[in-house]
1. Being over 15 Å from Leu71 (Cβ atoms) and in a helix (DSSP H, G or I) is the filter here, so list the residues in the range 17-33 that pass it.
2. Can you work out which of the residues in the range 111-137 that are touching a helix residue (DSSP H, G or I) at 6+ places or on another chain (Cβ under 9 Å) and at pLDDT 85 or above is farthest from Gly75 (Cα to Cα)?
3. Taking Val36 as the residue in question, decide whether it is assigned to a strand (DSSP E or B) and in contact with a Leu (Cβ under 9 Å, 6 or more places away or on another chain).
4. Can you pull out every residue in the range 66-85 that is within 19 Å of Ser133 (Cβ to Cβ) and not acidic (Asp, Glu)?
5. With the condition being surrounded by 12 or more Cβ atoms within 10 Å (Cβ to Cβ) and over 11 Å from the mean Cα position of the chain (by Cα), I'd like the strands (runs of 3 or more DSSP E) fully within the range 40-157 carrying at least 1 qualifying residues.
6. Residues His108, His140: which one is at pLDDT 90 or above and either among the β-branched types (Val, Ile, Thr) or closer than 21 Å to Thr39 by Cβ (or both)?
7. Kindly evaluate Gly154 against the criterion of being in contact with a Leu (Cβ under 8 Å, 6 or more places away or on another chain), at pLDDT below 95 and of a type outside the set (A, V, I, L, M).
Amino acid sequence: MMATRQTMDALDTAERVCSRRGVRLTALRRRILEQVLRTDGVIKAYDLIHNLSSADHSIKPPTVYRSLAFLLEQGFIHRIESLNGFVACNHPGEAHETLLMLCRACGHIQEMHLENISLALDHAAENQGFAISAKVVELHGLCRDCQRAGRKPGATL
């Protein structure tokens with residue numbers, strides 16, 4: 001779980017980015033972003049609905065999905081396509097393409113930025129006459145710690 005100070009710093013950054021862009025980080029968007037930031041690993045939309053709803057107030061799925069779409073558009077979170085979930089971005093609000101490494105034993109997700117991979121994908125797509133609208137590169141395997149500990153894939157993911 002992300003430390004409280006880091007969570008608060010990330011939320012402050014999101015507020016500044018939204019203000020600079022002229023968009024609103026509403027109370028619900030902020031609560032959803034905070035949940036994603038506090039989650040170690042992937043969180044799914046229905047986990048967010050469950051976590052943010054109370055006995056007297058149920059948050060509806062379309063509301064959460066709209067907030068997630070906003071957070072994705074602003075670059076505060078990433079969608080893990082293969083797991084149908086979300087993780088916080090390490091560089092919120094900055095335009096970048098991301099390579100995500102997902103450990104299949106412990107569930108740790110590491111974000112990397114490699115310009116040469118992005119350029120290679122652009123070139124390959126161009127050669128095929130394909131227009132890329134979004135890039136999400138996910139690598140599944142074992143992190144260094146799990147390799148050293150002899151853990152096997154599949155325990156978490």
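1. Start the filter on the range 17-33 by keeping residues that are over 15 Å from Leu71 (Cβ atoms), which leaves 19-20, 22.
Ser19, Arg20, listed by residue number.
2. That would be Phe130.
3. no
4. At the first step, the residues of the range 66-85 found to be within 19 Å of Ser133 (Cβ to Cβ) are 68-75, 77-82.
Listed by number, the residues that qualify are Leu68, Ala69, Phe70, Leu71, Leu72, Gln74, Gly75, Ile77, His78, Arg79, Ile80, Ser82.
5. Here the list reads 98-103, 109-112, 136-141.
6. Details: His108 fails: at pLDDT 90 or above.
Of the residues listed, the single one that is at pLDDT 90 or above and either among the β-branched types (Val, Ile, Thr) or closer than 21 Å to Thr39 by Cβ (or both) is His140.
7. On the way: in contact with a Leu (Cβ under 8 Å, 6 or more places away or on another chain): no; at pLDDT below 95: yes; of a type outside the set (A, V, I, L, M): yes.
Considered against the rule, which asks whether it is in contact with a Leu (Cβ under 8 Å, 6 or more places away or on another chain), at pLDDT below 95 and of a type outside the set (A, V, I, L, M), Gly154 comes out as no.
Quick grid of which residues meet (1) in contact with a Pro (Cβ under 8 Å, 6 or more places away or on another chain); (2) without any contact (Cβ under 8 Å) to a residue 60 or more places away in the chain; (3) under 20 Å from Arg29 (Cα atoms):
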position	(1), (2), (3)
Tyr65	no, yes, yes
Leu71	no, yes, yes
Gly85	no, yes, yes
Ala88	no, no, yes
Cys103	no, yes, no
Gly107	no, no, no
Leu119	no, yes, no
Ile132	no, yes, no
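The values are calculated or read from the model by the stated rules, or taken from the named source; none is laboratory data. Predicted model, so just to flag it, every value in this text is computed and none were measured. Virtual Cβ from ideal backbone geometry, glycine too; neighbours counted across all protein chains shown.
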